[in-house]
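The values are calculated or read from the model by the stated rules, or taken from the named source; none is laboratory data. The shown structure was predicted, so the numbers you read here are calculated from the model rather than taken from an experiment. Note that we place each Cβ from the backbone using ideal geometry, even for glycine, and neighbour counts take in every protein chain shown.
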């Protein structure tokens, strides 16, 4: 029986992962899901509406779930439907995060006026220590709308200030303004402002189109005409122009299936063509029909229209539709969220194996890491297929890949040593990198298009992958060293054999890291020479990578020269964590150089905390060996 | 061997020295990265890497506070060469280490050379326009042209640094001396009519009396350029001809006649002439549909070889520069509503060194890693 426990644990986890896309989100009607799979062209690529909904929600409110005022939970697709077709309802949902106190006072709120009063002592205590929010963080569009003019004025003042020189208030007001603008653009993507029955309007337009256009022509030519008709057509045209100017989502596919993505139109442009071609674009009509059914709560009609529209697209855009479907499924499956939980469980099992039940807990940890890694592999492979790119294309995917590479190395280590150290390190790094990736995803679409200078699959596949593997292995050496220090100082579990094994592992991984970080960095130099005519430019990101190479070389030379022994090696490897995190994130925070991605304040705070924690760990390791619990006589 | 020599030898071949130098270089690179926020990348290179010592201003004095790139790199090089000469033993066990370190020596030397000889310029080309020179992004010159003959220009170019020094310039091709009377390394210009209270300008000739120059803080930012202004007095054999204001902000050359010839004078970015010229046939700037994310920039240029004759066409785009005449042209930017392309022009004769060096190092590290891996696997296979 005891032998089977690990198998049961892994099997339960696997079933949970597989059920994810089916069970979550709970109770979403199939028609709504089918709507989420419809393709649009946004941010330069064709993607499902589901992705538009999710990335918008992540940017404006930091999470995908939406709560209505009467505490019902909406899926991203349901929220998007309300935004598109029943905006007055969507305007009441609290989806705009406002944290900055000055910004709160700008919109007439304060910490007190937003405080949440919990019933019961337990909840109050949890709110006090920060496990429950102590105040409402999110505002609805209706709550913010009266202050739009002030927000816009403040944004205009803050916008010219350089990103790294902005105050917290300035950054916050720019962020809020951006979120509001994004929301408004989305609201006008399929229907104009203030309409309640767009389908009816379009059908009437269709009927009177010929006469109306004739009246306008006559008016322009100075001939006698029906003034009211002409005015109605001109007013309609003005609304369509308004729509086409305010949205950035191209929802209307071209009539033929030509591969040229620039032929996609936004709804406003497509409607303007009505007057020339004499009929309303059928895709716009289909969306207006869905809007009508959704607004009037007629689920059968809604399902029917979505189905018919989907099948007309199927004939022309089979390939794009297939991709959009896979992407929507990928969104719902949330493989990296599942991976995060599995890695955490694996880490706990591995620790358990050192303290108690070495056999079953170690086997369970091994199985869970393998499962988590398989899930992450599937997720990364899907992203690569969707994007048609090598695995690392931005900061977000570098976090995924660093985790993936480290865990792969850990699996090799565990296969060789079988002491649960590899699985513990895998669980820790896998979990941490996926948490980092989660926060990096808050900046928007993570499958974004590549800027011209980065548009080279060859170099992305070589330089970026190799240098990221170098980062991953340097981190891994640091994590293994932390395990050594933790177990040695705080527990009695670090016996001689384990300590020697860990020392060999760290040394081997540092050798591996030296090779990969060096080759990756020089490949970057060669890319720079190919594209900018210079091998080395002392750009911050290049310097960061160089420091990693030199640091690894320093560790190896210090060990060969006998300057450090086991404990010194561990301290140097832990410092490698600081060096690598600086290169990965710190250099981006300087806000200069060809490689930088922009300054993020929260990230800076976390980086400082991480550096402090690593320094503290080195301090702990420097305690005299007599104070280490494992080495005490 | 005398004890002192032995001490020096032991120091030079020691791994302790290697570790210390590596640690020093990490601090140097890190410090230089932080300083880029204030100084910009070019000034940082001069201060930290292309120097024996890093100097900091302490009150009025410039004090060496830290070893610079040349010192650390030079000592590393000495350490590397000495250690390998001293410990050299034949055999395969260290083959990887030897290869990697030989590559490292080449890399250090190559970067030293390119740091000394690499030059950077920019070429701005309008649609349909042709140019046979590129311009420095950092340095300016005062160009005085004898434009009497419409078919032929005789140009005397005086580097900005000479004007900054305030030294009088006497050139055999010019019938007058040039005496700098004032110099602002960075400045703003205004029309005098728009600045009523401004003090009297020292300038008496050309555009000078009509403009007001105000000194500005020198900028080191990568996206900005200093715009110097100087007052230059021209002195002929029979006395002063007057004082001119020259500035890179004054676009067109100022003309005057003297000694029966007509002259043009202009402060402009330093030029680097080539025996051939480039013509911009078409600049293209693609974006992803529905966004403003750039997808591609490219410049189709025609290379007109020296002495006329049939040129050839080349397409310069991201990650695909043109190498011609010992120079590398790559797409750096655009302006004027996509009708002007900006090409970065780099001359680096030692560009091949890092390729060879890096291949050697990567090969060496890979060999060494595989040797270790094989030993490890063999040890584990043993029962």
- Item | Test: residue A:531 is within 24 Å of residue B:43 (Cα to Cα) and either more than 10 Å from every other protein chain (Cβ to nearest Cβ) or touching a strand residue (DSSP E or B) at 6+ places or on another chain (Cβ under 9 Å) (or both) | yes
- Query: Quick check: is even one residue across region A:192-203 in contact with a helix residue (DSSP H, G or I) (Cβ under 6 Å, 6 or more places away or on another chain) and not in a helix (DSSP H, G or I)?
  - Reply: yes
- Task: Go over the candidates A:620, A:579 one by one and state the one that is more than 9 Å from chain B (Cβ to nearest Cβ), modelled with pLDDT of 90 or more and part of a helix (DSSP H, G or I).
- Result: A:620
- Query: Any residue in region B:312-321 that is surrounded by 13 or more Cβ atoms within 10 Å (Cβ to Cβ) and within 30 Å of residue A:514 (Cβ to Cβ)?
  - Reply: yes
- Note on the structure: If we ask which residues in region B:296-326 are free of Cβ contacts under 8 Å to residues at least 60 places away in the same chain and either closer than 24 Å to residue A:534 by Cβ or within 14 Å of another protein chain (Cβ to nearest Cβ) (or both), their number turns out to be 18
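For every residue, the table says whether it meets (1) under 24 Å from the mean Cα position of the chain (by Cα); (2) not assigned by TED's automatic domain parsing to the domain that holds residue A:110.
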position	(1), (2)
A:122	no, yes
A:136	yes, no
A:147	no, no
A:173	yes, no
- Where residues in region B:16-48 are facing chain A (nearest Cβ under 7 Å) and modelled with pLDDT under 90, which of them is surrounded by the fewest Cβ atoms within 10 Å (Cβ to Cβ)? B:37
- Query: In region A:544-566, what count of residues is obtained for those that are more than 7 Å from every other protein chain (Cβ to nearest Cβ) and closer than 21 Å to residue B:16 by Cα?
  - Reply: 10
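So, residue A:333, is that one away from every other protein chain (no Cβ under 14 Å), modelled with pLDDT under 90, touching a strand residue (DSSP E or B) at 6+ places or on another chain (Cβ under 7 Å) and surrounded by 20 or more Cβ atoms within 10 Å (Cβ to Cβ) or not? Show your work before the answer.
Numbers: away from every other protein chain (no Cβ under 14 Å): yes; modelled with pLDDT under 90: yes; touching a strand residue (DSSP E or B) at 6+ places or on another chain (Cβ under 7 Å): no; surrounded by 20 or more Cβ atoms within 10 Å (Cβ to Cβ): yes.
No: the conditions fail for residue A:333.
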- Message: Looking at region B:326-361 only, could you name the residues that are farther than 30 Å from residue B:80 by Cα and loosely packed, with under 14 Cβ neighbours inside 10 Å?
- Response: B:326, B:333, B:335, B:336, B:337, B:338
- Failed item in (1) assigned to a helix (DSSP H, G or I); (2) modelled with pLDDT of 85 or more, with residue A:280 passing the rest: (1)
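Within region B:267-383, considering only strands (runs of 3 or more DSSP E) that don't extend past its boundaries, which have at least 3 residues that are modelled with pLDDT under 85 and over 30 Å from residue A:182 (Cα atoms)? Talk me through it step by step, then tell me what you get.
Numbers: elements: B:294-304, B:312-317, B:322-324, B:327-335, B:340-347.
Hits in region B:267-383: none.
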- Residue by residue through region A:246-273, note down the ones that are in contact with a helix residue (DSSP H, G or I) (Cβ under 7 Å, 6 or more places away or on another chain) and in a helix (DSSP H, G or I). A:246, A:267, A:268, A:269, A:270, A:271, A:272
- Task: For residue B:144, state whether it is modelled with pLDDT of 90 or more and either touching a helix residue (DSSP H, G or I) at 6+ places or on another chain (Cβ under 8 Å) or assigned by TED's automatic domain parsing to the domain that holds residue B:245 (or both).
- Result: yes
- Message: So, in region A:534-543, exactly how many residues are in contact with a helix residue (DSSP H, G or I) (Cβ under 6 Å, 6 or more places away or on another chain) and more than 7 Å from every other protein chain (Cβ to nearest Cβ)?
- Response: 1
- Query: Got at least one residue in region A:259-281 being closer than 30 Å to residue A:63 by Cβ and more than 14 Å from chain B (Cβ to nearest Cβ)?
  - Reply: no
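Considering only region A:528-543, how many residues are over 21 Å from residue B:69 (Cα atoms) and surrounded by 23 or more Cβ atoms within 10 Å (Cβ to Cβ)?
1
Please work out if residue B:93 is closer than 20 Å to residue A:553 by Cβ, in contact (Cβ under 8 Å) with a residue 12 or more places away in the chain and either touching a strand residue (DSSP E or B) at 6+ places or on another chain (Cβ under 9 Å) or not in a helix (DSSP H, G or I) (or both).
Considered against the rule, which asks whether it is closer than 20 Å to residue A:553 by Cβ, in contact (Cβ under 8 Å) with a residue 12 or more places away in the chain and either touching a strand residue (DSSP E or B) at 6+ places or on another chain (Cβ under 9 Å) or not in a helix (DSSP H, G or I) (or both), residue B:93 comes out as yes.
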- Task: All but one of (1) more than 13 Å from chain A (Cβ to nearest Cβ); (2) part of a helix (DSSP H, G or I); (3) surrounded by 13 or more Cβ atoms within 10 Å (Cβ to Cβ) hold for residue B:85, so report the exception by its number.
- Result: (3)
- Is there a residue in region A:457-475 that is crowded, with 20+ Cβ neighbours inside 10 Å, more than 14 Å from chain B (Cβ to nearest Cβ) and over 21 Å from the mean Cα position of the chain (by Cα)? yes
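In region A:298-365, which helices (runs of 4 or more DSSP H) lie fully inside it and hold 1 or more residues that are closer than 29 Å to residue A:426 by Cα? Before the answer, list the steps.
Details: elements: A:299-316, A:318-333, A:335-355.
Hits in region A:298-365: A:318-333, A:335-355.
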- Would you be able to tell me the number of residues in region A:488-498 that are in a helix (DSSP H, G or I) and farther than 20 Å from residue A:409 by Cβ? 5
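Per-residue answers, yes or no, for (1) within 27 Å of residue B:356 (Cα to Cα); (2) not in a helix (DSSP H, G or I):
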residue: A:510; (1), (2): yes, no
residue: A:516; (1), (2): yes, no
residue: A:519; (1), (2): yes, no
residue: A:537; (1), (2): yes, yes
residue: A:546; (1), (2): yes, no
residue: A:564; (1), (2): no, yes
